[in-house]
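What follows is a single structure, written as structure tokens, with notes after it.
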Amino acid sequence: MHAVVIGGGINGLCSAWYLKNQGWEVTLLEKSDLQDNCSYGNLGMIVPSHFVPLASPGIVWQGIKWMFDSSSPFYIKPSLNPTLLSWAWKFNQHATKSNVDYSAPFLRDLNVYSKSLYEDLCNEPGFDFAMEKKGILMYFKTPKTAEEEIHLAEKARSLGLDAAYLDKAAVQALEPQVELDILGAVHYRCDAHLYPGKLMQQLISALRKAGVTILTQSPVTRIERKGKSITTVVTPQGVYTADRYVMTGGSWLPELAAQAGIRIPLMPGKGYSFTLDNPLQQLNIPAILCEARVAITPMDGKMRYGGTMEIAPINDLVRMNRVQAIVDAVPRYFPGLQVETPQKKDVWYGFRPCSPDGLPYIGYAKGTDNLIIAGGHSMMGLSLGPATGKLVSDLAMGHSPAIPIEAFRADRY
Ligand SMILES: Cc1cc2nc3c(=O)[nH]c(=O)nc-3n(C[C@H](O)[C@H](O)[C@H](O)COP(=O)(O)OP(=O)(O)OC[C@H]3O[C@@H](n4cnc5c(N)ncnc54)[C@H](O)[C@@H]3O)c2cc1C
């Protein structure tokens, strides 16, 4: 059996990995040189703690308030772009308590499953991607955020996740080398982190070694379909035929799917990061600064800072005011941790593929019998990559998945 995987982000590579492990012949088509995409410069957090989808109560009002501040951490660029308007309308409909209650167990299971697959992957020959299981700390400064975060931690515990409220002294014991200006934190001990760049390069090497054909500079420009079946995918270099086609593509998924006559609602959520290779001070445990919506991850001796979510069409603008907002947030929580503003050339950006209900798409595309969609993972695609890849291979094989996946149906819109 032969599979063609489109896109070499974490979801494409993991799909290729698990299909190959099941004995499939796999060809992966990637439009770039595979040296960078959203799966490289992210914060590397493995997050069972993220059981609340982006579409949740309060976010829409917050987004409207922040719409007029382009340095805000969550920013929907005001626009009459019909794709954005249609996405925003759906997003608004899903930003409810019932969406959160429905989604939470599915996201928890997918994340917990993925973490266990990462643990297995760590033990495979050729893999050492600096995975550490120290959890993440959600820091808060204000009583209002403390109340929200403690409530969320209770919900996490009711879902079986290991989460504990820590006062400032308890946090200080975990991070003795940095000065803190906080009220406290929630420690999600269920979480982990890794170094995404290493993981991606090791996956690419392992796939090549296992005999997967990886074709870079090969953008899929046409998809031919007969009735329910995709018949070929076309790049400027060639025409490819397979038993199953797996479409990843990250934030480019809507335009890829449109080539097969399929509509997938999705908007890019641009975020920035920068990495200090030799930081003067290190954190022990990855941090999320809740009010500022900034994340910091110590990874393999480096420190990566990142954040912001700008819902807008794909663009190559580096807005330094947004990067500055990340830099400025750090000393408000860690007064001794002075971070210099990076030069523009050292700022990385990527586009989180955001579905309107905050859930990924994992399943057969509407009206097709050989096209599997794997995308829309928003702010947790790195975390969910292995589970997504394994589920793709289960779907291709006709095997029952290890966890419930009906919430992720790719034909739900
Ligand atoms: C600042 C920031 C921090 C983040 N932190 C975390 C984190 O800590 N934990 C976490 O879990 N997630 C995090 N994320 C989110 C995560 O990075 C994404 O969800 C994930 O990388 C998406 O992976 P993907 O494989 O779906 O897409 P991508 O990584 O974008 O890959 C898609 C690939 O498809 C290719 N492609 C597109 N169109 C075509 C075509 N026509 N033909 C061939 N190839 C094509 C693209 O070139 C690209 O290589 C973060 C994101 C950002 C921006």
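Look through 213, 231, 235 and report the one residue that is surrounded by 14 or more Cβ atoms within 10 Å (Cβ to Cβ), over 25 Å from residue 48 (Cβ atoms) and away from the ligand (no atom under 16 Å from the Cβ). Spell out the reasoning first.
On the way: 213 fails: away from the ligand (no atom under 16 Å from the Cβ); 235 fails: away from the ligand (no atom under 16 Å from the Cβ).
Answer to the selection: 231.
Within segment 348-413, which strands (runs of 3 or more DSSP E) (wholly inside it) include 1 or more residues that are of a type in the set (Ser, Thr, Tyr) and either near the ligand (Cβ under 8 Å from one of its atoms) or surrounded by fewer than 21 Cβ atoms within 10 Å (Cβ to Cβ) (or both)?
Numbers: elements: 348-354, 361-364, 371-375.
Because the criterion is at least 1 residues that are of a type in the set (Ser, Thr, Tyr) and either near the ligand (Cβ under 8 Å from one of its atoms) or surrounded by fewer than 21 Cβ atoms within 10 Å (Cβ to Cβ) (or both), the strands (runs of 3 or more DSSP E) in segment 348-413 that meet it are 348-354, 361-364.
Out of the residues in segment 207-220 meeting the condition of being touching a strand residue (DSSP E or B) at 6+ places or on another chain (Cβ under 7 Å) and in contact (Cβ under 8 Å) with a residue 24 or more places away in the chain, tell me which one is nearest to residue 245 (Cα to Cα).
The initial filter retains those residues of segment 207-220 that are touching a strand residue (DSSP E or B) at 6+ places or on another chain (Cβ under 7 Å), namely 207-208, 212-215, 218-220.
Of the ones still in play, those that are also in contact (Cβ under 8 Å) with a residue 24 or more places away in the chain are 207, 212-215, 218-220.
Values: 207: 17, 212: 15, 213: 14, 214: 15, 215: 15, 218: 15, 219: 15, 220: 12 Å.
Of everything passing the filter in segment 207-220, 220 is nearest to residue 245 (Cα to Cα).
Under 6 Å between Cβ atoms, at least 6 apart or on separate chains: pull out the pairs that start in segment 179-202 with a residue that is closer than 16 Å to residue 161 by Cβ and end on any residue that is assigned to a helix (DSSP H, G or I) and small (Gly, Ala, Ser).
186/153
For residue 187, only one of the following conditions fails: (1) more than 21 Å from residue 284 (Cα to Cα); (2) surrounded by 14 or more Cβ atoms within 10 Å (Cβ to Cβ). What is its number?
Among (1) more than 21 Å from residue 284 (Cα to Cα); (2) surrounded by 14 or more Cβ atoms within 10 Å (Cβ to Cβ), the lone unmet condition for residue 187 is (1).
Just checking, does segment 323-332 include any residue being assigned to a strand (DSSP E or B), touching a residue at least 60 places away in the same chain (Cβ under 8 Å) and buried (at least 20 other Cβ atoms within 10 Å of the Cβ)?
Pass one, segment 323-332, residues assigned to a strand (DSSP E or B): none.
Among the residues of segment 323-332, not one is assigned to a strand (DSSP E or B), touching a residue at least 60 places away in the same chain (Cβ under 8 Å) and buried (at least 20 other Cβ atoms within 10 Å of the Cβ), which makes the answer no.
Which residues, taken from segment 123-147, are without any contact (Cβ under 8 Å) to a residue 12 or more places away in the chain and over 19 Å from residue 199 (Cα atoms)?
Matches in segment 123-147: 144, 147.
Against the definition (closer than 30 Å to residue 227 by Cα and within 11 Å of the ligand (Cβ to nearest atom)), how does residue 257 come out, yes or no?
Answer is yes for this residue.
Would a scan of segment 211-218 turn up a residue that is closer than 23 Å to residue 128 by Cα and among the hydrophobic types (A, V, I, L, M, F, W, C)?
yes
Taking residue 77 as the residue in question, decide whether it is more than 11 Å from the ligand (Cβ to nearest atom), more than 19 Å from the chain's Cα centre (by Cα) and basic (Lys, Arg). Spell out how you get there, then give the answer.
Working: more than 11 Å from the ligand (Cβ to nearest atom): yes; more than 19 Å from the chain's Cα centre (by Cα): yes; basic (Lys, Arg): yes.
Taking the combined requirement at face value, the residue satisfies it.
Being touching a Gly at 6+ places or on another chain (Cβ under 9 Å), away from the ligand (no atom under 11 Å from the Cβ) and part of a loop (DSSP other than H, G, I, E, B) is the filter here; which residues of segment 183-194 pass it?
Residues of segment 183-194 that are touching a Gly at 6+ places or on another chain (Cβ under 9 Å), as a first pass: 187-194.
The next check asks that each one be away from the ligand (no atom under 11 Å from the Cβ); those that pass are 187-190.
Answer for segment 183-194, where residues must be touching a Gly at 6+ places or on another chain (Cβ under 9 Å), away from the ligand (no atom under 11 Å from the Cβ) and part of a loop (DSSP other than H, G, I, E, B): 189, 190.
Which of (1) touching a residue at least 40 places away in the same chain (Cβ under 8 Å); (2) more than 8 Å from the ligand (Cβ to nearest atom) does residue 46 not meet, given it meets every other one?
(2)
Counting just the residues of segment 326-352 that are modelled with pLDDT of 95 or more and of a type in the set (Asp, Glu), which one comes out farthest from the chain's Cα centre (by Cα)?
Among them, the one singled out is 328.
If you check 33, 101, 109, 120, which single one turns out to be within 14 Å of the ligand (Cβ to nearest atom) and either surrounded by fewer than 19 Cβ atoms within 10 Å (Cβ to Cβ) or of a type in the set (Asp, Glu) (or both)?
33
The values are calculated or read from the model by the stated rules, or taken from the named source; none is laboratory data. Every value quoted in this text rests on a predicted model; they were computed, and no experiment measured them. We place every Cβ from the backbone using ideal geometry, glycine too, and count neighbours over all the protein chains shown.
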